[in-house]
Each structure stands twice: as C-alpha cells, then as structure tokens.
Amino acid sequence: MAVDAAEEHPDDVVSSARLETFADGVFAIAITLLVLEIHIPAETEDVWKTLVHQWPSFLAYVTSFLTIGTMWANHHRIFTVIRGTTYGFLFVNILLLMPIAFLPYPTAVFAQHFDKTDRFAATMLYAGTMALITIFFSVLWAYAGSHGLMATNAATSRVVRRRGQLIYRLAPLIYLAGGLASLIDPRISLAVFIALAIYWISSAAGRT
C-alpha cells in the first residue's frame, strides 16, 4: 500500500534503521576498497623488494583502515543516543558519507606519491579529506542536538561531554597541519595521521 506523501512531514522524526543500514554499507565498501590500491607483485618482480618498496602503501592502508573502522564505531555510537531521524538529518549524513566513500582514493594517491616531488599535493589531498570528514561529523552532531534528535539520559550526557572535547574541534586543523608538514618531511605527516588514528581508537575503546 502506497504511503501518502502528505502524511509525512520533512521535519517528522522517524526510525533511523534504514539510514544506519545504508551507512554501514558505505563504511564496509570504503574500508574494503583500501586494499585494492596495494600493488600485487608481478611474476617478473622480486616479491620481497616489491613489498619493502610499498611500505608507504601498507602504512597508509593500516592508518585509513583503522580510521574508517573508528569512524564506523563513532557513527554507531551517535545512533545509540539519537531517538530518530528527519529528512534533513538524512542529507547531513549523506554529506558525511561522501568523503568517507572517497577516502580510498586519497589514501592511494598519498601512498604512491609519498616519496615523490609532488608529495605535498598528495598529502594535502589526504589531509583535506580527513579534515572534511571530521567537520561533517561535527555538523552531524550539531544538527542532531539543535533539532531535538537526542534522547535524554545519562549515556547521552556522557557522549555529549566527550564530543565537546577540544580535540574534536581542533581535529580538522591538526589534519591540515599534518599535511603542511610534508613540506618539511612527509614522514612527519604520516606520523601525525597515525597518531590521530591511534587517538581515535583509544578514545573509542575507552568509552563506557
């Protein structure tokens, strides 16, 4: 039976089940595509030399894999304290998923140009994508709070306090600063990205 569009208002709070299912699919595809960018040694190549030469690709893969995994965990955490969704919230969520789905591309570019003369552009592409993701996470969170989509309980209060920590507001700037550090040494940039990934993991793991 078709649902009359007039029965549903864009600001109505509805179940977020379909949104979460769609988001889970995007996260799963993005995290899987990362490995496809790692070169498989050809029959004529020396396997060990090829693998050693690709160390930036492996580090970039691990960093992005753990980061996307933590993003998925944080996204799931958000929906444990949200009582429903609106059409506006759906589109904000789509804006968040856009750079997440795009992440395998800058990861591959960063890894392939890590030690090249054009490494700055590649590093800034990766840093800019990560900064955009953190910004959209903040926008998603702010939208939910300003539109009354959060449940009122102790668990919500704990998550709200964590999201208010300074690191969440500074994260975009830290990623961009990490990208700029490639002008000095790309290994500094990689260290910044790895450090942030470790922080996100430890922060998520430490939540109760």
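Data overview
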quantity: Separation of the residue 105 and residue 143 label points, Cα + 7 Å toward Cβ, nm; calculated: 2.1
quantity: Modelled FRET efficiency - R0 30 Å, residue 185 with residue 66, Cβ distances, 0.05 increments; calculated: 0.85
quantity: Interchain or long-range residues, amide H under 5 Å from residue 82's placed H; calculated: 151
quantity: Förster radius 25 Å - calculated FRET efficiency between residue 195 and residue 94, Cβ distance, rounded to 0.05; calculated: 0.25
quantity: Computed E for residue 22/residue 115 - FRET, C-beta separation, R0 35 angstrom, nearest 0.05; calculated: 0.40
quantity: Within the stretch 76-111: backbone nitrogen closer than 18 Å to the residue 176 label point (7 Å, Cα to C-beta); calculated: 99
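Throughout, read-outs are computed from the coordinates displayed, never taken from laboratory work. From a predicted model like this one, the values you see are computed outputs, not experimental measurements. Cβ sites come from the backbone with ideal geometry, for glycine too, and all protein chains shown count toward neighbours.
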